[in-house]
Amino acid sequence: MEPPIKRGRYKKYLKDLDVPVPRQTRHNWNKQGLSWGSVGEEEGMTENEERTESSECDNCSEGLYDRDDCEAEELIMEDLETGDLCGNYEENSPSNCGSHIDAGQANLMITAFILRHKITGAALQDLLALLNELMPGVAPHTRYLFEQTLKSEHGEMELHFYCPSCTEYIGETGEGVCGNTDCQFKYDLTTCRRNGTFFIYLPLASQLRDLLENSDIFSKLGRSQSHSDGAVSDIFDGSEMLQTMLESKIGKTDLTLLWNCDGVPVFKSSGYSIWPLQCVVNELPPEIRKKHVFCMALWFGRSSPNMTTMFTPVIEEAKMLATQGFTWQNPVTNTPATSRAFLLTSACDAAARPRLKNSVQCNGKFGCDWCLHPGEMVEKGAGSVRVYPFSVPEPEKRTQEKWEDDAIAANSTPVNGVRGPCQLLFLPLFNIVKGFVPDYMHCVLLGVVRQWATLWFDPQYSQCPWYLGRHRQTEDSRLLKMKPPREISRAPRSLSERKFWKASEWKSFLLYYSFFVLMGVLPTKFYQHWCLLCFSLHILLQPRVPKHLIEKADLMLKKFVIYTETLYGKQHVSFNVHQLTHLASSVYNWGPLWAASAFSFEANNRKLLSFFHGTQHVPIQIAKSFLLWRRIPKMLNAANDASPAVVSYIEKLWNCSSVLPQKSFKRDIFTFFCKGVAKQLPVQHMLALKRLLGKGHFCKGETGVSTRHGVFISEQIFSKTYLSLSVVEY
């Protein structure tokens, strides 16, 4: 059988006048009112330029937007090298409107605009037409020409194929028979491309290189200094991090990474989802760290990925980064440098960890990732559930060596919850037990806190002593009267809408609102039990956590787990509740809970979902747009002659955030947030603060800030109403 004839270059008629224009293309031009003569007379263009200019149609876009199914193969196979531009538009020439902004800067501004505001292909075409109508020559005339200017900025992107039958890893090239002896499926890459049996890999070295070569970012790189009293203030103060850096001789120019992998639904009407593998650089300051999230791999499909397949290129590059490192140009000294990078820590939820580690789920025997608690099956409702009641003595802790032994011993039956080996065992310096942290966003906020809200307000518990549904009006009234400062981005919502609450809203409820909302309504023993969780999380989320407070928080969390069984019943000691017993050890190993959380990754997931339009070639659209978005700072730095207005405009779009800039100032021992006027506090406020903070922390002449919303002091919110009530309470 003769091999199929490969298609040639796309749109040959744009380059060669002897190639006939397709009939459908001519029809589209006529439909848009374009013709050879009229376009040429108005624009003064040659026939070749006219044909290029008018060749774009809504169904033939490539790059950032989806295309017709008939052009799918061309989209995937198209290289990322810069193509020749057609038409009378020159990127480096000044715009024709007399502006000081050249065409390259205008392109960069338009790129930041379309990515920030999720502009579709049709909207981009209309935007370019509008700009050229108002200011002729300021931008390419068509979407096709505009995307040609961006091809060189898409960065590196690799397609890795897997077997359509068993998802066994194939590679980037080749065809033949699947290497799995139980499968033996015959494949060819053309079919794999057409069926979408591939995942996208974005080399990490090139992304890290772009980061380090940014002079603004390079000046902020560094690691927090360890404290003599054993306190932890960032991930580098953790005992596990310190030990790893010491034993492995991680240098000052090397990088350590926190990574995450989780599924994100793409469409509401189907089961398709993306599984991005993301990471952040720990050496960046916490406030900058969350803005620079890298995507290493992207899996798209109806089912969850085969982690062995997906991590094959990841492990290969991770070994290279850990030994050889990658080279980059020092932006200060303008000399070449070499750095290594290590994927040391992972913040994943309880659903993703077993897939990554090849272990049983949390509802299986020995489902805990950090200890050998077997769990216990108890009745709940009409069925049964596995619970993890607190046991004395505490279960044996897992170790890396014990996990490897269990993985080798496991065959068809799991051993201590381990099903077999996994790719993470080959990840350099990564500890498969301690390397995973119990992410407090999923474990506490979306787990325990939401579970307790269900216990209090769900009608199925109306006969229980802790039920608060009868006091809903009172609780909603108190909650909605809260006026948080603008550092808390989401205003309080009614408890009746709690199923729509985000993790940040559950965080505010736990740390700030619940004290006052539940006071006097929830029976005392249940209220005191809840305060154990609130106070311990307040401690573990502090910017600097002393060692003795970590021990105190650990005791409070274990007491919370013990009394959960006594007050609410054994059936409510869920796996999320059990994870609370491992939070303190996570802080010992990797710093405060906020230093290794999934908040930054979840925020980036939302951004990834905004990088595609339509339903065709979703992963390729996301990958190209993401790489382009990541390169905007580098493109901006390359524009040395860019005016301050251009720089400010692009930075505003790139650093988009729903949280307004924080304004704060200090008065004596307090840090005050929000806009306000310093003045003497009312007597009742002074009394309340004195009683709350103690005599040793309050003195005469103390001033404070009174605002329209209340007072925000020492990272805790005090409502004016409840400050007055607290005088009576004390």
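Can you confirm whether residue 139 is surrounded by fewer than 18 Cβ atoms within 10 Å (Cβ to Cβ) and either not hydroxyl-bearing (Ser, Thr, Tyr) or not in a loop (DSSP other than H, G, I, E, B) (or both)? Reasoning before the result, please.
Numbers: surrounded by fewer than 18 Cβ atoms within 10 Å (Cβ to Cβ): no; either not hydroxyl-bearing (Ser, Thr, Tyr) or not in a loop (DSSP other than H, G, I, E, B) (or both): yes.
In short, no.
Can you name the number of the only condition in (1) under 23 Å from the mean Cα position of the chain (by Cα); (2) not in a helix (DSSP H, G or I) that residue 448 fails?
Going through (1) under 23 Å from the mean Cα position of the chain (by Cα); (2) not in a helix (DSSP H, G or I) one by one, residue 448 breaks only (2).
Looking at (1) under 29 Å from residue 588 (Cβ atoms); (2) open to solvent by 70 Å² or more (accessible area, probe 1.4 Å), which is the one condition that is false for residue 406?
(2)
Based on what the data block shows, is residue 197 over 23 Å from residue 625 (Cβ atoms) and polar (S, T, N, Q)? Can you show your working first?
Details: over 23 Å from residue 625 (Cβ atoms): no; polar (S, T, N, Q): yes.
Spelling it out, it is not the case that residue 197 is over 23 Å from residue 625 (Cβ atoms) and polar (S, T, N, Q).
Name, by its number, the condition in (1) free of Cβ contacts under 8 Å to residues at least 40 places away in the same chain; (2) outside any loop (DSSP other than H, G, I, E, B) that does not hold for residue 361.
Of everything listed in (1) free of Cβ contacts under 8 Å to residues at least 40 places away in the same chain; (2) outside any loop (DSSP other than H, G, I, E, B), residue 361 misses just condition (2).
Could you list, in sequence order, the residues of region 356-385 that are of a type in the set (Lys, Arg) and either touching an Asp or Glu at 6+ places or on another chain (Cβ under 7 Å) or surrounded by 20 or more Cβ atoms within 10 Å (Cβ to Cβ) (or both)? Spell out how you get there, then give the answer.
Filtering region 356-385 down to residues of a type in the set (Lys, Arg) leaves 357, 365, 380.
Residue satisfying the conditions is 357 alone.
Checking the conditions here, which among 147, 175, 158 is under 30 Å from residue 274 (Cβ atoms), open to solvent by 20 Å² or more (accessible area, probe 1.4 Å), among the acidic types (Asp, Glu) and under 30 Å from the mean Cα position of the chain (by Cα)? Write out each step before concluding.
Working: 147 fails: open to solvent by 20 Å² or more (accessible area, probe 1.4 Å); 175 fails: under 30 Å from the mean Cα position of the chain (by Cα).
Being under 30 Å from residue 274 (Cβ atoms), open to solvent by 20 Å² or more (accessible area, probe 1.4 Å), among the acidic types (Asp, Glu) and under 30 Å from the mean Cα position of the chain (by Cα) holds for just one of 147, 175, 158, which is 158.
Among the residues of region 624-632, is any open to solvent by 20 Å² or more (accessible area, probe 1.4 Å) and under 17 Å from the mean Cα position of the chain (by Cα)? Give the steps one after another, and end with the answer.
Going residue by residue through region 624-632, those that are open to solvent by 20 Å² or more (accessible area, probe 1.4 Å) are 630-631.
Among the residues that remain, those that are also under 17 Å from the mean Cα position of the chain (by Cα) are: 630.
The answer is yes; a qualifying residue exists.
Can you pull out every residue in region 301-331 that is more than 14 Å from residue 160 (Cα to Cα), open to solvent by 40 Å² or more (accessible area, probe 1.4 Å) and in a helix (DSSP H, G or I)?
319, 320, 323
Tell me which of these residue 118 doesn't satisfy, since it passes every other one: (1) open to solvent by 40 Å² or more (accessible area, probe 1.4 Å); (2) in a loop (DSSP other than H, G, I, E, B); (3) farther than 27 Å from residue 606 by Cβ.
Failing condition for residue 118: (3).
Out of curiosity, is residue 582 modelled with pLDDT of 95 or more and either in a helix (DSSP H, G or I) or touching a helix residue (DSSP H, G or I) at 6+ places or on another chain (Cβ under 6 Å) (or both)? Walk me through how you get there before you give the answer.
On the way: modelled with pLDDT of 95 or more: yes; either in a helix (DSSP H, G or I) or touching a helix residue (DSSP H, G or I) at 6+ places or on another chain (Cβ under 6 Å) (or both): yes.
In short, yes.
How many of the residues making up region 121-136 are of a type outside the set (A, V, I, L, M), farther than 18 Å from residue 611 by Cα and open to solvent by less than 40 Å² (accessible area, probe 1.4 Å)?
Step one: filter region 121-136 for residues of a type outside the set (A, V, I, L, M), giving 121, 125-126, 132-133, 136.
After this cut, where a residue has to be farther than 18 Å from residue 611 by Cα as well, the list is 126, 132-133, 136.
From what is left, the residues that are open to solvent by less than 40 Å² (accessible area, probe 1.4 Å) are 132.
Number satisfying all stated conditions: 1.
Starting from residues that are among the charged types (D, E, K, R) and farther than 12 Å from residue 522 by Cα, keep the ones in region 449-478 and report whichever is modelled with the highest pLDDT.
Here is the first cut: in region 449-478, the ones among the charged types (D, E, K, R) are 450, 458, 470, 472, 475-476, 478.
Keeping just the survivors that are farther than 12 Å from residue 522 by Cα gives 450, 458, 476, 478.
Values: 450: 97, 458: 94, 476: 93, 478: 93.
Once the filter is applied, the top-ranked residue is 450.
Pull out all pairs, ordered by first then second residue, where Cβ-Cβ is under 8 Å, the residues are six or more apart or on different chains, the first lies in region 285-296 and is open to solvent by 20 Å² or more (accessible area, probe 1.4 Å), and the second is not acidic (Asp, Glu) and not in a loop (DSSP other than H, G, I, E, B).
286/594; 286/595; 288/217; 290/280; 290/599; 290/600; 290/603
How about region 180-236: which helices (runs of 4 or more DSSP H) wholly inside it have at least 3 residues that are at pLDDT 90 or above and either open to solvent by less than 20 Å² (accessible area, probe 1.4 Å) or not hydroxyl-bearing (Ser, Thr, Tyr) (or both)?
204-212
Would you point out which residue out of 189, 145 is among the hydrophobic types (A, V, I, L, M, F, W, C) and touching a strand residue (DSSP E or B) at 6+ places or on another chain (Cβ under 9 Å)? Give the derivation first.
On the way: 145 fails: touching a strand residue (DSSP E or B) at 6+ places or on another chain (Cβ under 9 Å).
Matching residue, one of 189, 145: 189.
State whether one or more residues within region 572-585 are open to solvent by 30 Å² or more (accessible area, probe 1.4 Å) and within 27 Å of residue 232 (Cβ to Cβ).
Scanning region 572-585, I find at least one residue that is open to solvent by 30 Å² or more (accessible area, probe 1.4 Å) and within 27 Å of residue 232 (Cβ to Cβ), so the answer is yes.
What's the number of the only condition in (1) out of contact with any helix residue (DSSP H, G or I) (no Cβ under 6 Å at 6 or more places or on another chain); (2) more than 23 Å from residue 232 (Cα to Cα) that residue 543 fails to meet?
With respect to (1) out of contact with any helix residue (DSSP H, G or I) (no Cβ under 6 Å at 6 or more places or on another chain); (2) more than 23 Å from residue 232 (Cα to Cα), residue 543 is out only on (2).
Considering only residues that are in contact (Cβ under 8 Å) with a residue 40 or more places away in the chain and within 31 Å of the chain's Cα centre (by Cα), look in region 555-571 and name the one that is most open to solvent (accessible area, probe 1.4 Å).
Filtering region 555-571 down to residues in contact (Cβ under 8 Å) with a residue 40 or more places away in the chain leaves 558, 561-562, 565, 567-568, 570-571.
From what's left, within 31 Å of the chain's Cα centre (by Cα): 558, 561.
Working: 558: 37, 561: 3 Å².
In this case the residue turns out to be 558.
Within region 376-417, which residues are of a type in the set (Gly, Ala, Ser) and within 31 Å of the chain's Cα centre (by Cα)? Reasoning before the result, please.
Taking region 376-417 and keeping what is of a type in the set (Gly, Ala, Ser), we get 381-384, 391, 407, 409-410, 412, 417.
Those that are of a type in the set (Gly, Ala, Ser) and within 31 Å of the chain's Cα centre (by Cα): 407, 417.
Here are 464, 422: which of them is farther than 20 Å from residue 575 by Cβ and open to solvent by 20 Å² or more (accessible area, probe 1.4 Å)? Don't jump to the end; show me each part of the working.
Numbers: 422 fails: open to solvent by 20 Å² or more (accessible area, probe 1.4 Å).
464 is the lone residue from the list that is farther than 20 Å from residue 575 by Cβ and open to solvent by 20 Å² or more (accessible area, probe 1.4 Å).
When the residues of region 479-497 are filtered to those that are at pLDDT 90 or above and of a type in the set (S, T, N, Q), which remaining residue is most open to solvent (accessible area, probe 1.4 Å)?
Restricting to residues being at pLDDT 90 or above and of a type in the set (S, T, N, Q), the top hit is 496.
Mind listing whichever residues of region 237-257 are touching a strand residue (DSSP E or B) at 6+ places or on another chain (Cβ under 8 Å) and open to solvent by 60 Å² or more (accessible area, probe 1.4 Å)?
253
For region 519-554: of the residues being of a type in the set (D, E, K, R) and in a helix (DSSP H, G or I), which is surrounded by the most Cβ atoms within 10 Å (Cβ to Cβ)?
554
The values are calculated or read from the model by the stated rules, or taken from the named source; none is laboratory data. Small disclaimer: the values here were computed from a predicted structure and weren't measured. In this analysis, Cβ positions are derived from the backbone assuming ideal geometry, glycine residues included, and neighbour counts consider all displayed protein chains. When the accessible area is computed, the model is the full protein with side chains, heavy atoms only, and any ligands, DNA or RNA have been set aside. Shrake-Rupley method; radii C 1.70, N 1.55, O 1.52, S 1.80 Å.
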